[in-house]
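Here's the structure we're looking at; comments come further down.
None of the figures in this text is laboratory data; all of them are computed from the coordinates on show. Because the structure is a prediction, the values reported are computed rather than measured. FYI the Cβ positions are ideal-geometry reconstructions off the backbone, even for glycines, and counts take in every protein chain you see.
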Amino acid sequence: MHKPKLYFTSVSHTLTSLQYSLSPDPATINIELNINKIGSYRILTCSEEELILEVKTSIQGEPESIFSLEAIYIQSNKIDTEKSEKFGSDEERLEYVNDNIEKIIEGGKGLEQITLLVGNITSTFGNIPLIIPPFFSIKRD
């Protein structure tokens, strides 16, 4: 059975929140640090004309007291109604979006901008910048 696909005419991003905390404790400078990157999303609108997502990227150091960074942005996708195929129902469209969320978010290029922000913010005051890959991954049950 052929499954419909979504195509987008434009994608825009709006940064809604950015939080960064860094431990100023000099005793933490020479320790081994593990970095964890966690992605999550929420579908705000999923209609025939547009798909709007809230995308959250959280980066934490272990031990957690060293630093943390969280960026949240809105990704607005305008759907190409001429190229995109019609879905049988709203539920079918939602299922398609959830099944293809990594491709949709990565294709929007918002994570590349977050990567640049993270590098700039973490390099303040002569620190080595933290460069994270612009890939989105979530835990699937």
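Filtering the range 94-132 down to residues that are touching a residue at least 12 places away in the same chain (Cβ under 8 Å) and touching a helix residue (DSSP H, G or I) at 6+ places or on another chain (Cβ under 6 Å), which residue is farthest from residue 46 (Cα to Cα)? Checked the range 94-132; the qualifying residue farthest from residue 46 (Cα to Cα) is 130. Listed by position, the helices (runs of 4 or more DSSP H) contained in the range 55-141 that have at least 2 residues being out of contact with any Pro (no Cβ under 9 Å at 6 or more places or on another chain) and either crowded, with 18+ Cβ neighbours inside 10 Å or among the small types (Gly, Ala, Ser) (or both) are 101-107.
Considering only the range 63-71, I want to know if a residue exists there that is in contact with a Lys or Arg (Cβ under 8 Å, 6 or more places away or on another chain) and within 18 Å of residue 14 (Cβ to Cβ). Yes, the range 63-71 contains at least one residue that is in contact with a Lys or Arg (Cβ under 8 Å, 6 or more places away or on another chain) and within 18 Å of residue 14 (Cβ to Cβ).
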